[in-house]
Amino acid sequence: MIRPAVCAPSRADEIFELWCLLTGYDRALFDELDVESFRGRPEMADLAATPDAVLRDAGEAVRRGRSLPLERWLGAVRIVRPSR
């Protein structure tokens with residue numbers, strides 16, 4: 001299966017909302033440029049293809065206070081849900 005280079009905007013927004021929830025940041029603190037930069041990160045396609053339950057478990061496992069870099073989050077997703 002080939003994944004698209006980018007994910008759908010609505011799914012990217014869901015990932016961003018989950019990231020905010022996991023890190024404790026208020027969505028209102030970020031302007032549209034911040035959100036657009038988040039959506040454009042290379043990790044987004046793989047994160048978007050991952051169920052929310054896995055994202056939540058992986059994010060909670062690797063979050064450090066309010067820090068949850070997408071690279072670390074994706075790495076944890078690959079441990080929680082290794083590709084076959």
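The values are calculated or read from the model by the stated rules, or taken from the named source; none is laboratory data. Just so we're clear, the structure is a prediction, and the values are computed from it rather than from any experiment. Every residue, glycine as well, gets a Cβ built from its backbone with ideal geometry; the counts of neighbours run over all protein chains shown. Note: areas computed on protein heavy atoms with side chains; ligands, DNA, RNA excluded. Shrake-Rupley method; radii C 1.70, N 1.55, O 1.52, S 1.80 Å.
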Global form of the chain, assessed from the alpha-carbon gyration tensor, a/c cut-off 1.5: oblate
Charge dipole of the chain about the Cα centre (unit charges at C-beta), most positive-ward option of 55, 15, 33: 55
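For region 8-50, divide the Cα radius of gyration by the Kirkwood radius and give the resulting Rg/Rh value with two decimals. Walk me through the intermediate numbers first.
Details: Rg = 9.8 Å, Rh = 10.5 Å.
We get a ratio of 0.94 for region 8-50.
Loop-only trypsin sites (Lys or Arg not before Pro) in region 1-83, please: DSSP not H, G, I, E or B, and at most 10 other Cβ atoms within 10 Å. Could you put the intermediate results ahead of the total?
Working: sites: 11, 27, 39, 56, 63, 64, 66, 72, 78; in loops: 63, 66.
Loop-located and lightly packed - 66.
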Rounded percent of accessible protein surface that carbon and sulfur make up, region 1-74, 1.4 Å probe: 56 percent
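Using only helices, what value at 222 nm comes out for the chain when you add -39,500 (n - 2.57) per DSSP H run of length 4 or more and divide by the total residues, to the nearest 500 deg cm²/dmol? Present the calculation step by step, with values, prior to reporting the outcome.
Values: 5 runs with 50 residues, N = 84.
Rounded to the nearest 500, it is -17500 deg cm²/dmol.
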Per residue value of the accessible surface for the chain (all protein chains in place, 1.4 Å probe), Å²: 63 Å²
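About its Cα centre, how strong a charge dipole does the chain have in debye, to the nearest 20, once Lys and Arg get +1 and Asp and Glu get -1 at the Cβ? Can you show the working numbers first?
Numbers: 13 positive and 14 negative charges, 101 e Å.
It comes to approximately 480 debye.
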